[in-house]
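Presented below is the structure to which this report refers.
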């Protein structure tokens, strides 16, 4: 990718990894819409490292407390939350390991992505509007964590959205919006780390270049701002703006596919 495309894709990744609108869908659709070169392995690594830096920079204090509580006082609410996050990560790791190649080769069609953007937008709307506002982050139960973790496995499919499906599952389980968002972001940390390390192991160090650096830095900065924005947004508002965006984008993609035929 050239430098301009690298910066644009870094911005796209940073925004869409943490907003409930599907980063994998946008990383397929932006090159498809605008004729960009398709990001390869090297750039995938850059984007994952950038968003990893963003979520760690925002939540490092939370992770420090949780890790300490998990190993020193596992019976406390924070200690339990740490181990619930560990358990909730397992389904995503298993599904990702066995199904990544299938998803990469068969489930990236724009028409399917457009349909899933709409369907999962409706799922987010229903979960948000009919889910209770009764529990905080430290009141998460093991059953909640496992439902959210299992839902995360669906995010392998472009158009679903990891943050969107996990926030919807958390809302359906009765977490308030801010707690649903924070649990989703905390849960994303080991998944993004694992995906980044797996791709990094496949990469030739000679491929490191300016586009790689710019993509990583851009996605890190924009990702951090996206997290901050969403945490503030859901503290006082619902998810409707993201639902509308998903539906409009999904209809646009479907219309474009049909028009191009």
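Observations on the structure shown:
- Unmet requirement for residue 141, which otherwise passes all of (1) within 20 Å of the chain's Cα centre (by Cα); (2) modelled with pLDDT of 95 or more: (1)
- Condition check for residue 110: out of contact with any strand residue (DSSP E or B) (no Cβ under 9 Å at 6 or more places or on another chain), surrounded by fewer than 20 Cβ atoms within 10 Å (Cβ to Cβ), at pLDDT below 95 and under 14 Å from residue 191 (Cβ atoms): no
- Residue match in the stretch 22-30 (condition: crowded, with 22+ Cβ neighbours inside 10 Å and on the phi > 0 side of the Ramachandran plot): yes
The values are calculated or read from the model by the stated rules, or taken from the named source; none is laboratory data. Just so it is clear, the structure is predicted and the values come from calculations on it, not from any experiment. Methodologically, a virtual Cβ is constructed for each residue, glycine included, from the backbone with ideal geometry; neighbour enumeration extends over all protein chains shown.
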